[in-house]
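Quick notes on the structure that follows.
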Amino acid sequence: MIKLFSVKQKQKEAAADGVSGKVPTKKQSAGELRVQKDISELNLSKTTSISFPNGKDDLLNFEITIRPDEGYYMGGTFVFSFNISPIYPHEAPKVKCQTKVYHPNIDLEGKVCLNILREDWKPVLSINSIIYGLQYLFLDPNPDDPLNQEAADVLKDHPKQFEANVKRSMAGGFINGHYFPRCI
């Protein structure tokens, strides 16, 4: 029979004496372990990349860059920051678009309207699921669930004008008094 308590006691004593010779390591939260698994299983398309602005040790904060190769947003570069709670996957990641974009489902502050980031989040979903959802927003913007009502109305009522507005905003220009920096 293994005497678990004596093993734990010896580890504590060794740590107190500094005898173990090992550098103490920070214990990973369940969220960090799950994120590590999700990132190792990412299946990124050629139009998507991941970066870690705070270094690879900070798995709970990273950026995803999407460069759509079709649709209204073709040729643009859009960066999304991911901030993940230590209790992930029981809480959805906080995702924000760092690139100012004229889009019905992304407001001018970068908030993203994606159902799996809100009411439809389930712990079985992964970072990959969110990335697919973000890619889909660029392929097929949804004017029926908008954060940017003006862009949604233009998309519904005047699709050609919407396309022109997207192109102008991506090239760096003003749309209805809002400046959009160049992202192509």
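The values are calculated or read from the model by the stated rules, or taken from the named source; none is laboratory data. Nothing here was measured: the structure is a model prediction, and the numbers come from that model. A quick note on method: Cβ atoms are made from the backbone with ideal geometry, for glycine too, and the neighbour counts reach across all protein chains shown. Side chains are part of the model used for accessible areas, which takes the heavy atoms of the whole protein and leaves out ligands, DNA and RNA. Shrake-Rupley method; radii C 1.70, N 1.55, O 1.52, S 1.80 Å.
Tabulated data for the structure shown
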read-out	value
Unmet criterion (only one of (1) closer than 19 Å to residue 65 by Cα; (2) in a loop (DSSP other than H, G, I, E, B); (3) of a type outside the set (D, E, K, R); (4) in contact with a helix residue (DSSP H, G or I) (Cβ under 9 Å, 6 or more places away or on another chain)) for residue 108	(4)
Cross-chain or 6+ apart pairs with Cβ under 7 Å, the range 60-71 first and at pLDDT 95 or above, then in a loop (DSSP other than H, G, I, E, B) and of a type in the set (Ser, Thr, Tyr)	65/77; 66/47; 67/47; 67/77; 68/47; 69/47
Per-region count, the range 97-117, residues closer than 13 Å to residue 180 by Cα, surrounded by fewer than 16 Cβ atoms within 10 Å (Cβ to Cβ) and touching a Gly at 6+ places or on another chain (Cβ under 9 Å)	1
Scope the range 125-184; condition more than 27 Å from residue 49 (Cβ to Cβ), open to solvent by 30 Å² or more (accessible area, probe 1.4 Å) and aromatic (Phe, Trp, Tyr); matching residues	174
Hits in the range 37-53 - residues which are part of a loop (DSSP other than H, G, I, E, B) and loosely packed, with under 12 Cβ neighbours inside 10 Å	41, 43, 46, 53
Given (1) of a type outside the set (A, V, I, L, M, F, W, C); (2) open to solvent by 20 Å² or more (accessible area, probe 1.4 Å); (3) at pLDDT below 95, index of the condition residue 31 fails	(2)
Of all residues making up the range 54-75, the number that are open to solvent by 50 Å² or more (accessible area, probe 1.4 Å), among the acidic types (Asp, Glu) and under 15 Å from the mean Cα position of the chain (by Cα)	1
Residue in the range 83-96 that is open to solvent by 10 Å² or more (accessible area, probe 1.4 Å) and β-branched (Val, Ile, Thr) present	yes
Inter-residue pairs, beta-carbon under 6 Å, first of a type outside the set (Val, Ile, Thr) and in the range 163-176, second open to solvent by less than 50 Å² (accessible area, probe 1.4 Å), 6+ apart	165/102; 165/175; 169/102; 169/175; 169/180; 170/76; 170/183
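The rows are residues; the columns are (1) over 28 Å from residue 38 (Cα atoms); (2) in a strand (DSSP E or B); (3) in contact with a helix residue (DSSP H, G or I) (Cβ under 7 Å, 6 or more places away or on another chain); (4) at pLDDT 95 or above.
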residue	(1), (2), (3), (4)
87	no, no, yes, no
91	no, no, no, yes
153	yes, no, no, yes
161	yes, no, yes, yes
165	yes, no, yes, yes
